[in-house]
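*Asks:* Can you read through this structure? Questions will come right after.
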Amino acid sequence: MATARTRPDPRKLSAAEAELFHAFYLMRRGFDRTLDAQLQRDDGISISELEVLMALVRSPGRRLRVRDLVELTGWEKSRVSHQVTRMEGRGLVEREDCAEDRRASWIRLSRDGRRVVVRALPKHTATIRRILFDALTPEQQEELLAISTRMTGAMASGDEPAAADE
């Protein structure tokens, strides 16, 4: 059983922990940047735009309210609003009045937005396959799923470790 004297200082990482964190950070950021660069290069959209477009594609009637996009993306309301405004300017989405709630509006996938998704998904999926699935064995994929699920659960719990005595 760990005692206060044998427990690692939660404010510091060991050399092995720092190496693992750095490798994980580079992998995560590199994955995000590679996906974004592929979308920008091949289809002229960002990963953030694709995230909004995919939420709309999956929704009934291909429309959502801003508050629904906030919930689905996990972004701040202001970020969603700015993103939608930019996408509306590019013709990827359209705003509609919401009869049920006059304070809200619907964000609807436009025809151009749908065309972009249909065009982008095969190349985007191929990039994901190359980086994630082709690089890992089936056993590693299962391990990564378990690790990802566990880490997501730890983030959702919001539990902060107790601060060490100073």
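The values are calculated or read from the model by the stated rules, or taken from the named source; none is laboratory data. A quick note: this is a predicted structure, and the numbers were derived from the prediction, not measured. Cβ placement follows ideal geometry from the backbone for every residue including glycine, while neighbour counts extend to all protein chains displayed. Keep in mind that these areas ignore ligands, DNA and RNA; they rest on the heavy atoms of the full protein, side chains included. Shrake-Rupley method; radii C 1.70, N 1.55, O 1.52, S 1.80 Å.
*Asks:* Residue under question is residue 126, and the condition is that it be among the small types (Gly, Ala, Ser), surrounded by fewer than 16 Cβ atoms within 10 Å (Cβ to Cβ) and within 21 Å of the chain's Cα centre (by Cα); does it hold?
*Replies:* Yes.
*Asks:* May I pose another question? For region 79-92, enumerate the residues that are under 14 Å from residue 52 (Cα atoms) and surrounded by fewer than 17 Cβ atoms within 10 Å (Cβ to Cβ).
*Replies:* Once the filter is applied, which keeps residues that are under 14 Å from residue 52 (Cα atoms) and surrounded by fewer than 17 Cβ atoms within 10 Å (Cβ to Cβ), region 79-92 yields 79, 81, 82, 85, 86, 88, 90, 91.
*Asks:* Further, regarding this structure: Are any of the residues in region 60-69 within 24 Å of residue 148 (Cβ to Cβ) and either of a type in the set (A, V, I, L, M) or without any contact (Cβ under 8 Å) to a residue 24 or more places away in the chain (or both)?
*Replies:* Yes, region 60-69 contains a residue that is within 24 Å of residue 148 (Cβ to Cβ) and either of a type in the set (A, V, I, L, M) or without any contact (Cβ under 8 Å) to a residue 24 or more places away in the chain (or both).
*Asks:* Hey, another quick one. So is residue 81 at pLDDT below 95 and out of contact with any His (no Cβ under 6 Å at 6 or more places or on another chain) or not?
*Replies:* Answer is yes for this residue.
*Asks:* Taking residue 35 as meeting all but one of (1) crowded, with 17+ Cβ neighbours inside 10 Å; (2) under 19 Å from residue 111 (Cα atoms); (3) of a type in the set (A, V, I, L, M, F, W, C), write down the number of the exception.
*Replies:* All conditions are met except number (2).
*Asks:* Condition (residue is at pLDDT 95 or above and closer than 25 Å to residue 34 by Cα) applied to region 96-110: is it met by at least one residue?
*Replies:* No, region 96-110 contains no residue that is at pLDDT 95 or above and closer than 25 Å to residue 34 by Cα.
*Asks:* Continuing with this model, one more query. Would you confirm whether or not region 134-145 contains a residue that is loosely packed, with under 15 Cβ neighbours inside 10 Å, under 18 Å from the mean Cα position of the chain (by Cα) and of a type in the set (A, V, I, L, M, F, W, C)?
*Replies:* So far as region 134-145 goes, yes, one or more of its residues are loosely packed, with under 15 Cβ neighbours inside 10 Å, under 18 Å from the mean Cα position of the chain (by Cα) and of a type in the set (A, V, I, L, M, F, W, C).
*Asks:* Also: If only one of 108, 95, 114 is in contact with a strand residue (DSSP E or B) (Cβ under 9 Å, 6 or more places away or on another chain), surrounded by 10 or more Cβ atoms within 10 Å (Cβ to Cβ) and in contact (Cβ under 8 Å) with a residue 24 or more places away in the chain, which one is it?
*Replies:* 108
*Asks:* What number of residues within region 1-21 are open to solvent by less than 80 Å² (accessible area, probe 1.4 Å) and modelled with pLDDT of 90 or more?
*Replies:* Number of matching residues: 3.
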